[in-house]
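The values are calculated or read from the model by the stated rules, or taken from the named source; none is laboratory data. Not measured: the values here are computed from a predicted model. Here the Cβ positions follow ideal geometry from the backbone for every residue, glycine too, while neighbour counts run over all protein chains shown.
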Amino acid sequence: MNLPSVHLMTDGRLSPDLPARLSAALRGAPPGAVAVHLREKELGGAALLALARALLPVCRARGALLLVNDRLDVALAAGAGGLHLPAAALPPAEARRLLGPAAALGVSCHSAAEVARARDGGASYATFSPIWDTPSKRAYGAPVGLEALRGAAGLGLPLVALGGVTPANAGQAFAAGAAGVAVLRAWLVGPEPAAVVAALLAAARSG
């Protein structure tokens, strides 16, 4: 698959009208450049499915890829473009069998060994985190850093840098071998989400 270079993680606590926020963020982004991760751990299955179905037409209108995090059943029911698995979730080989060969399948990874397992299990890509310090990841240990990203990127599986990524440092992640970068707060907080996406896409081009 051609992996989008910008990955937008959702958090409905930061933006109560996610479809409107997403529509604004994707304004001007070229088709295929952005993936949207529906990542709402507090929602039950029915509410998550309803939100996926609300986001999907926005994604399709802008040529963005919608990925559901963790919930294979919701991804299949919504007709999403793929699934992203937490590190300790369903093995990627089992998810791949159910999703079929064409769907995007990602896995959260925090070491080169986890990246190798994701690759061998049939993942399309992996997130690699945390690259930089970020409050949401401090409970899981110190940041892995750019050198670890550089080494893991040599394993042949496209990596999305996650954790503390901003438009200001995204270029460093791309220079270290990342195929994409993921942000959460950067696009959900502030008046110009489209400007954030544009800056990240510019970093991808220069990196």
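Quick one: is residue 101 closer than 26 Å to residue 45 by Cβ, surrounded by 21 or more Cβ atoms within 10 Å (Cβ to Cβ), more than 14 Å from the chain's Cα centre (by Cα) and not small (Gly, Ala, Ser)?
No.
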*Take the residues in region 1-33 that are more than 19 Å from residue 160 (Cα to Cα) and hydroxyl-bearing (Ser, Thr, Tyr), then tell me which one is modelled with the highest pLDDT.*
23
*In region 80-99, is there at least one residue being basic (Lys, Arg), closer than 18 Å to residue 11 by Cβ and either without any contact (Cβ under 8 Å) to a residue 60 or more places away in the chain or touching a Gly at 6+ places or on another chain (Cβ under 7 Å) (or both)?*
no
*Matching helices (runs of 4 or more DSSP H) fully within region 26-131 where at least 3 residues are within 25 Å of residue 176 (Cα to Cα) and not small (Gly, Ala, Ser)*: 112-120
_What's the total number of residues in region 133-155 that are at pLDDT below 95, among the hydrophobic types (A, V, I, L, M, F, W, C) and part of a loop (DSSP other than H, G, I, E, B)?_
2
*asked:* For region 71-109, give me each residue that is touching a strand residue (DSSP E or B) at 6+ places or on another chain (Cβ under 7 Å) and not small (Gly, Ala, Ser).
replied: 72, 74, 83, 84, 85, 86, 92, 96, 99, 105, 107, 109
